[in-house]
1. For segment 242-347, take the convex hull of the Cα atoms, compute a quarter of its surface area, and give me that in nm², please.
2. Give, in whole angstrom and from largest to smallest, the semi-axes √(5λ) of the equivalent ellipsoid of segment 152-295, with λ running over the eigenvalues of the Cα gyration tensor.
3. Using a 7 Å offset from the Cα along the Cα-to-Cβ direction at both ARG74 and THR286, what is the distance between the two label points in nm, to one decimal?
4. For segment 200-315, what is the relative contact order in percent, using Cα pairs closer than 8 Å and at least 6 residues apart in sequence?
5. What is the calculated FRET efficiency for SER170 to VAL131, with r their C-beta to C-beta distance and R₀ = 22 Å, to the nearest 0.05?
Amino acid sequence: MGRTRPGRKGPGRRKPGGRGQGRGQGRRRLGGRRLGGRWLGSRRLGGRRLGGRRAGRRRRRPGHRQPELRGCVRRWWPIVAGALATTGLLLGAYLWAPRDPGTSARLAVIGAHPPARPLPKNIVPYRPPSVRPMSSFTTRFKPGEPRVRNIEIAARILDGHIVAPGTTFSFNAVVGPRTESRGYVPAPAIVGPRLVNDVGGGICQVSATLFNAVFRAGLDIRKAHAHSMYMPEYPAGREVAVSYPGLDFTWRNDTGRPVRLRLSSTASSLTVSLYGERRYQVRSKTSERYGFVPYTTGVGRGPKCVATAGRRGFEIDVWRTLLLHGRKVRRERFHTEYRPQPKVRCV
């Protein structure tokens, strides 16, 4: 058998569009074009093949992200460099800024003690509400008296006491009973219309000083009873008497923040300071004394007798106005009637 020549019919070659294999090839070539002896069409994965290369999708190489990375670097490096330069300039200005002789630059540490030297006048240090002073009041007494010991004991108990927001402070509940077993000694105290020596006498100096601090702080005074006789150690009409367990002094913390009591005493004075967040501004006014009552004279006997010079009784009014942002919230009146203090001679 001879070879079939091109262009002739035979078993080795069939015309396009014919039956069998030729028909299949013709169908596959319907969507393509022949250019320069090469077939281009959809069977070539949608691309064109020119010069032995396929035009279409290219396989990405491992380094295809390098142009994107270079673009990010070119875009952001000026910002990063500027931030580093600014930080360096600020740190250098802080470290090499002129200071007082003998001082050095230090980093601030949370919880560290403040510097020993005072801050400039234009700088106000931050103080949390628990250390902001609300009010303070001081009363004085004669040094060396027996009641000084009783004052010191009660002051130590109250010092550092914290009144939680919304709670009511009770003097008797905090200080407790005044007995000899707890260190209290006999001292002059008002019992009825006279002064007598009683264990824990003079502790009203603490309650009266605390009352004035609470009065100035604008706190809610719930229960307060003045002495039956006027004592010159306290402001007239602005004092309170206590006696365990019946006669008590109570006030409520209505500031919304804790209130801390700080008490300090010397040989002749007692100071009560309140720390917290003040709610109201306080204005007060005291009337003149009126309604005077003359005193009487008498003779006392026994070891509890206390000689007194005698004082007239009188009445007095104290007003306290509470302000919130300059507007009046309420006005309170404290009316006190002092009995005359008899002139007593002990025999």
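Values in this text are rule-based calculations from the coordinates and carry no lab data. Everything numeric in this text was worked out from a predicted model, so none of it was measured. A quick note on method: Cβ atoms are made from the backbone with ideal geometry, for glycine too, and the neighbour counts reach across all protein chains shown.
1. Computing the convex hull of the Cα atoms and averaging its projections yields 10.7 nm².
2. 25, 21, 13
3. The two pseudo-label positions are separated by 8.4 nm.
4. Over segment 200-315, the number comes to 23 percent.
5. Using R0 = 22 Å, I get an efficiency of 0.35.
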